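Asks: After the structure tokens below, expect a handful of questions from me.
The values are calculated or read from the model by the stated rules, or taken from the named source; none is laboratory data. Please read these numbers as outputs of a predicted model, since none were measured by experiment. Quick reminder, even Gly has a Cβ in these numbers, built from the backbone with ideal geometry, and neighbours come from all protein chains shown. Heads up: the accessible areas ignore ligands, DNA and RNA and are worked out on the full protein's heavy atoms, side chains in. Shrake-Rupley method; radii C 1.70, N 1.55, O 1.52, S 1.80 Å.
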Amino acid sequence: MSMNSVGRPTTPQAETAAGGFASLTGGRGLLQDEVLIFEMGGWSKTGVDLPEASISADELGDLVRTDPIGLPGLSEPETMRHYVRLSQKNHAIDLALYPLGSCTMKHNPRLNEKMARLAGFADIHPLQPQSTVPGALELMDRLAHWLKTLTGMPAVALTPKAGANGELCGILAIQAAHKARGDDARKVVLVPTSAHGTNPATAAFVGYSVREIAQTDDGRVDLADLEAKLGPDVAAIMVTNPNTCGLFERDIVEIARLTHAAGAYFYCDGANFNAIVGRVRPGDLGVDAMHINLHKTFSTPHGGGGPGAGPVVLSEALAAYAPTPWLTYGPDGLVLQEEAIGEAAGAFGRMSAFHGQMGMYVRAYAYMRSHGSDGLRQVAEDAVLNANYIKATLSDLMSPAFPDGPCMHEALFDDSWLDGTGVTTLDFAKAMIDEGFHPMTMYFPLVVHGAMLIEPTETESKQELDRFVTALRALAQAAKAGDTDRFKGAPHLAPLRRLDETLAARKPKLRWKPEAPASMAAE
Amino acid sequence: MRYLPLTPDDRRQMLGAIGAGSIDALFVDVPKSAVLDGPVDLPGFAGELEVERELGALAARNVAAGSVPFFCGAGAYRHHVPASVDHIIQRSEFLTSYTPYQPEIAQGTLQVLFEFQTQVAALTGMDVANASLYDGSTAAGEAVMMASRVTRRSKAILSGGLHPHYVQTVETLAHAAGVATERLAPAIDAEDAVIAAIDGDTACVVVQTPNVFGTATDVTKIAAAAQAAGALMIVVTTEAVSFGLLKSPGEMGADIAVAEGQSIGNALNFGGPYVGLFACKEKLVRQAPGRLCGETVDADGRRGFVLTLSTREQHIRRDKATSNICTNSGLCALAFTIHMSLLGEVGLRKLALLNHQQALKTKIALGSVKGVEVLTPRFFNEFAVKLSKPAAEVVEALAARGVLAGVPYSRLDPHAGLDDVLLVCATETVTDGDIETFKTQLAEVLA
């Protein structure tokens, strides 16, 4: 079987381009070079038909902008073509498997998009009278009910705008709880060395110092180190479970017990909730706060980087410290409580304007309903099954970081198997592109040297997994056979070859600027 | 289960390949006490038709802005979005792609971000912009934290014209981090009070224009006063369309400009997702939060784009990062950029003037109603009026009559003693007939 029938070239003219053929115009066949909108010359154009205003801006006097803004306009056909051409230079989950560890990329059903665009959800204002949006409040309440039930936690704050924003919410709630009981001595947050970078960044951002907890040889939190570092100065521990090594923290209940005994709270990074949804409730493990990345577990689309949504479930101990606004039941039904009053005044305030990511709530809820209680349990089972299948079928060629026992939703390898081949982890990842797959997560988690983290998710079929495994095995064999050119020059078949990231950082060019006229350049 | 491709036979074969006797064997590390025996107490799966029916029924219980005369603003604005915008952002390659960490196969997203950053810098009159933040309010909070890092000072002065939700968002972050905030009393047009509040501890002043009462202000003097005292000037704008008509933050001396970008390309969405615009002077960029996209070349010397200056970011710097943010509002920024590309400078200026025109018409109409006093002297598309009855009651009464009349200031800030103040906004989506209906109904309710 030839390589190209296994992988999928990402451009129509890939083989000729790889053969060193150069087109006369710089494009690669039907995949054309696309200039920036600022280079199209549309300085006097607009692609929107608007009526002429019948007034001038006289009343605004000297507040009126007189300088040229510097924005080109495109007609509608030019706009369509420009952005559709750009879209063709992107990989996406709808094209193929996205084996990113810890950043779940699963199928994004278009039903969710359709529902989020219903005028009754998309075309409502956050501050129109609550009496005119009972359906929106009901949707938020149903989403909250599902999240609380799935996690076994009594309260949820819906408003955080992304996973990291949810972490911030959880840590702020913990800070508020300590403050409420007059405990001002707690200045430290414990974070395992394997944690997502957002965990220490979040703790530091609100004034905590971060103390790292070591990891055992089998990839879990070192209990002895944890005990040694817990004390009256510790406000919280932040643990990801399943963790970033793709493993379930076996001692999680004990971690929670020790943390609580020391007077601290247990924050769980719920980024990997998709591995256990429907099978394990974090509330049963002793968690006090956990954010849920809706895009990961409930498939809201990643959109090239966002928007996200990061609701936070809270234990009884922290429930009173949820940020505003929250839902309550009034005599006339659901009410969105927009200001903390009475006992709730101990809450820490507001995370952002308005009520959070409504558009994401609709998508996530549609996904939950589409699966139901039984289906979500199947989600976790299939996610874990698929990851273990990857691990089992690649372990003879690549080196699993934790060979003993099953993994959860992602399979972690290290790069020791590449020793002596002259191929780096980065080279290998870029070569995956030539085979039609997005690279796996590399160099993370930091505790594993040359980490290669693969998460297939539950929406991949066995056939697709087999295609992926076949491609990776072929690549691994090529690396071991000394075919280094294949790797050093990779990717060969992408819209662009390997990009110079060092240059971009050394001489940051963060916006387009008009070329200086030739006469000025000559001076 | 239409989203799950594995068949029972696949599962059996795969368990065999793994060497596991059952799926439970893969969950062996979970403490027995924590494993659920069966499904949690929630409904079973629903087919596509059933989900559409349920959500359709919920959506139908809400009054959509487009179905009535609609005058709400206060930080979220209803504008017409060309059909091509939503079509393009729903293309799989944009909608279902990941953060562009592998630039060779994410040039679509990256070039869009580069165009977005250029547009935002131009609109705000600043040197550089980032690839977007969550929304305007969180961007304001990040700007205050950044100013505190840059100046090594720990007090922020918040103008009385700053949107109360933005005030609360800034306070949440600042107080947790030990940065003090001084919020000035709400005032229609009292930005000079900001100058008086500046002292040697001031890290930054945060001024909104047009402010929450709609007042458009030239903040040049405030910027000069802040900078003379060694503080940074942060200018907040909640209505991005105003950049088409009003002097930019950069032109007025801002060090950091933040804005809500929802107005361009994005729907109301009941408050989110929105898109935070963040721009600053070039010398500050290494202290900026969030993602940045930069230009570079590939191995063949062809122009390309990558995420850059990531040594500021949490995945590299961990507890020393400039923020904990690891995402942006990518898809909303894409919508912004497409809509902005369609408008161009010509279209944006026209759109802005149309907004101003409809708001002026609304002001004249409402000003003629007995019991209405227009408070805002100079405004873009939004203004405050004082009513002869509590604004919240009037808004409810008008909602019952099929008019969404605006936002009572007390909804944003119940303790300001401004219960009779109503914030009214008119965009290009408001027709002359809507204005006439609003006027007639308001006159009856106030009579």
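Asks: Can you tell me how many residues within the stretch A:227-246 are aliphatic (A, V, I, L, M) and either surrounded by fewer than 24 Cβ atoms within 10 Å (Cβ to Cβ) or in contact with a Lys or Arg (Cβ under 6 Å, 6 or more places away or on another chain) (or both)? Outline the logic, then answer.
Replies: First pass over the stretch A:227-246, keeping only residues aliphatic (A, V, I, L, M): A:228, A:230, A:234-239.
Next, from what is left, pick out any that are either surrounded by fewer than 24 Cβ atoms within 10 Å (Cβ to Cβ) or in contact with a Lys or Arg (Cβ under 6 Å, 6 or more places away or on another chain) (or both): A:228, A:230, A:234-235.
Of the residues in the stretch A:227-246, 4 are aliphatic (A, V, I, L, M) and either surrounded by fewer than 24 Cβ atoms within 10 Å (Cβ to Cβ) or in contact with a Lys or Arg (Cβ under 6 Å, 6 or more places away or on another chain) (or both).
Asks: Would you point out the residue of the stretch B:229-261, among those that are in a loop (DSSP other than H, G, I, E, B) and among the acidic types (D, E), that is most open to solvent (accessible area, probe 1.4 Å)?
Replies: Kept after step one, since they are in a loop (DSSP other than H, G, I, E, B), are these residues of the stretch B:229-261: B:229-231, B:238-239, B:245, B:247-255, B:261.
Next cut, among the acidic types (D, E) only: B:239, B:251, B:255.
On the way: B:E239: 5, B:E251: 74, B:D255: 6 Å².
If we take residues in the stretch B:229-261 being in a loop (DSSP other than H, G, I, E, B) and among the acidic types (D, E), then B:E251 is most open to solvent (accessible area, probe 1.4 Å).
Asks: Return the total of residues in the stretch B:174-196 being open to solvent by 20 Å² or more (accessible area, probe 1.4 Å), more than 22 Å from the chain's Cα centre (by Cα) and among the charged types (D, E, K, R).
Replies: Residues meeting the conditions: 3.
Asks: If you take the residues in the stretch B:36-52 that are facing chain A (nearest Cβ under 7 Å) and assigned to a loop (DSSP other than H, G, I, E, B), which one is modelled with the lowest pLDDT?
Replies: Checking each candidate, the answer is B:P39.
Asks: Taking the stated definitions as given, is B:A226 modelled with pLDDT of 95 or more, more than 30 Å from B:G66 (Cα to Cα), of a type outside the set (F, W, Y) and crowded, with 23+ Cβ neighbours inside 10 Å? Steps first, please.
Replies: On the way: modelled with pLDDT of 95 or more: yes; more than 30 Å from B:G66 (Cα to Cα): yes; of a type outside the set (F, W, Y): yes; crowded, with 23+ Cβ neighbours inside 10 Å: yes.
Yes.
Asks: Against the definition (under 27 Å from the mean Cα position of the chain (by Cα) and either under 20 Å from A:Q128 (Cβ atoms) or of a type outside the set (G, A, S) (or both)), how does B:V421 come out, yes or no? Break it down stepwise before answering.
Replies: On the way: under 27 Å from the mean Cα position of the chain (by Cα): yes; either under 20 Å from A:Q128 (Cβ atoms) or of a type outside the set (G, A, S) (or both): yes.
For B:V421, the condition - under 27 Å from the mean Cα position of the chain (by Cα) and either under 20 Å from A:Q128 (Cβ atoms) or of a type outside the set (G, A, S) (or both) - is met.
Asks: Can I ask one more? What's the number of the condition B:S33 fails, among (1) in a helix (DSSP H, G or I); (2) modelled with pLDDT under 95; (3) more than 8 Å from chain A (Cβ to nearest Cβ)?
Replies: Among (1) in a helix (DSSP H, G or I); (2) modelled with pLDDT under 95; (3) more than 8 Å from chain A (Cβ to nearest Cβ), the lone unmet condition for B:S33 is (3).
Asks: Among residues belonging to the stretch A:189-203 that are touching a strand residue (DSSP E or B) at 6+ places or on another chain (Cβ under 9 Å) and outside any helix (DSSP H, G or I), point out the one that is surrounded by the fewest Cβ atoms within 10 Å (Cβ to Cβ).
Replies: Top of the filtered list is A:T193.
Asks: Let me ask another. Take A:R511 and tell me if it is open to solvent by 40 Å² or more (accessible area, probe 1.4 Å), in contact with a helix residue (DSSP H, G or I) (Cβ under 6 Å, 6 or more places away or on another chain) and free of Cβ contacts under 8 Å to residues at least 12 places away in the same chain.
Replies: Working: open to solvent by 40 Å² or more (accessible area, probe 1.4 Å): yes; in contact with a helix residue (DSSP H, G or I) (Cβ under 6 Å, 6 or more places away or on another chain): yes; free of Cβ contacts under 8 Å to residues at least 12 places away in the same chain: yes.
So A:R511 passes the test.
Asks: When the residues of the stretch B:154-173 are narrowed to those that are more than 20 Å from B:A279 (Cα to Cα) and touching a helix residue (DSSP H, G or I) at 6+ places or on another chain (Cβ under 8 Å), which ends up surrounded by the fewest Cβ atoms within 10 Å (Cβ to Cβ)? Outline the logic, then answer.
Replies: Applying the first criterion (more than 20 Å from B:A279 (Cα to Cα)) to the stretch B:154-173 yields B:154-155, B:160-161, B:164-165, B:168, B:171-172.
Right, trim to touching a helix residue (DSSP H, G or I) at 6+ places or on another chain (Cβ under 8 Å) and you get B:154, B:160, B:164-165, B:172.
Values: B:S154: 15, B:G160: 22, B:P164: 23, B:H165: 28, B:T172: 25.
Going through the qualifying residues, I end up with B:S154.
Asks: Within the stretch A:204-295, considering only helices (runs of 4 or more DSSP H) that don't extend past its boundaries, which have at least 3 residues that are free of Cβ contacts under 8 Å to residues at least 40 places away in the same chain?
Replies: Details: elements: A:223-229, A:252-261, A:282-285.
Here the list reads A:223-229, A:252-261.
Asks: Separate question: Which one of these does A:S370 not meet: (1) open to solvent by 10 Å² or more (accessible area, probe 1.4 Å); (2) within 30 Å of A:M105 (Cα to Cα); (3) within 8 Å of another protein chain (Cβ to nearest Cβ); (4) in contact with a Leu (Cβ under 8 Å, 6 or more places away or on another chain)?
Replies: Result: A:S370 passes all but (1).
Asks: Starting from residues that are open to solvent by 40 Å² or more (accessible area, probe 1.4 Å) and part of a loop (DSSP other than H, G, I, E, B), keep the ones in the stretch A:315-339 and report whichever is nearest to the other protein chains (Cβ to nearest Cβ).
Replies: Checked the stretch A:315-339; the qualifying residue nearest to the other protein chains (Cβ to nearest Cβ) is A:E339.
Asks: Can you report the number of residues in the stretch B:11-30 which are outside any loop (DSSP other than H, G, I, E, B), aliphatic (A, V, I, L, M) and open to solvent by less than 50 Å² (accessible area, probe 1.4 Å)? Talk me through it step by step, then tell me what you get.
Replies: Our first condition is that a residue be outside any loop (DSSP other than H, G, I, E, B); within the stretch B:11-30, this holds for B:11-18, B:23-27.
Still in the list and also aliphatic (A, V, I, L, M): B:14-15, B:17-18, B:23, B:25-26.
Of the ones still in play, those that are also open to solvent by less than 50 Å² (accessible area, probe 1.4 Å) are B:14-15, B:18, B:23, B:25-26.
Of the residues in that region, 6 qualify.
Asks: Quick check on this structure: which one of B:T151, B:T209, B:T220, B:T181 is among the hydroxyl-bearing types (S, T, Y), touching a His at 6+ places or on another chain (Cβ under 9 Å) and at pLDDT 95 or above?
Replies: On the way: B:T151 fails: touching a His at 6+ places or on another chain (Cβ under 9 Å); B:T209 fails: touching a His at 6+ places or on another chain (Cβ under 9 Å); B:T220 fails: touching a His at 6+ places or on another chain (Cβ under 9 Å).
So the residue among B:T151, B:T209, B:T220, B:T181 that is among the hydroxyl-bearing types (S, T, Y), touching a His at 6+ places or on another chain (Cβ under 9 Å) and at pLDDT 95 or above is B:T181.
Asks: Now for a separate question. So B:R2 passes all but one of these: (1) assigned to a loop (DSSP other than H, G, I, E, B); (2) facing another protein chain (nearest Cβ under 7 Å); (3) basic (K, R). Which condition number does it fail?
Replies: Of (1) assigned to a loop (DSSP other than H, G, I, E, B); (2) facing another protein chain (nearest Cβ under 7 Å); (3) basic (K, R), only one is false for B:R2: (2).
Asks: Considering only helices (runs of 4 or more DSSP H) fully contained in the stretch A:46-148, which possess at least 3 residues that are within 7 Å of chain B (Cβ to nearest Cβ) and either open to solvent by 10 Å² or more (accessible area, probe 1.4 Å) or closer than 30 Å to B:L123 by Cα (or both)?
Replies: Values: elements: A:76-87, A:110-116, A:119-122.
Here the list reads A:76-87, A:119-122.
Asks: How many residues are more than 7 Å from chain A (Cβ to nearest Cβ), open to solvent by less than 10 Å² (accessible area, probe 1.4 Å) and of a type in the set (V, I, T) if we restrict to the stretch B:105-152?
Replies: Count: 3.
Asks: Quickly run through the stretch B:60-104 and pick out the residues that are without any contact (Cβ under 8 Å) to a residue 24 or more places away in the chain and open to solvent by less than 10 Å² (accessible area, probe 1.4 Å). Steps first, answer last, please.
Replies: First pass over the stretch B:60-104, keeping only residues without any contact (Cβ under 8 Å) to a residue 24 or more places away in the chain: B:60-62, B:64, B:67, B:83, B:87, B:90-93, B:96-98, B:102.
Matches in the stretch B:60-104: B:T96, B:S97.
Asks: If you don't mind, there's one more thing I want to ask. Grab the helices (runs of 4 or more DSSP H) fully contained in the stretch A:384-491, keeping just those with 2 or more residues being buried (at least 22 other Cβ atoms within 10 Å of the Cβ) and out of contact with any His (no Cβ under 7 Å at 6 or more places or on another chain). Reasoning before the result, please.
Replies: Numbers: elements: A:425-434, A:462-480, A:484-488.
So the answer is A:425-434, A:462-480.
Asks: Across the stretch A:457-485, what is the number of residues that are closer than 30 Å to A:K106 by Cβ and more than 9 Å from every other protein chain (Cβ to nearest Cβ)? Working first, answer last.
Replies: Residues of the stretch A:457-485 closer than 30 Å to A:K106 by Cβ: A:457-479.
Narrowing further to those that are more than 9 Å from every other protein chain (Cβ to nearest Cβ): A:457, A:466-479.
Of the residues in that region, 15 qualify.
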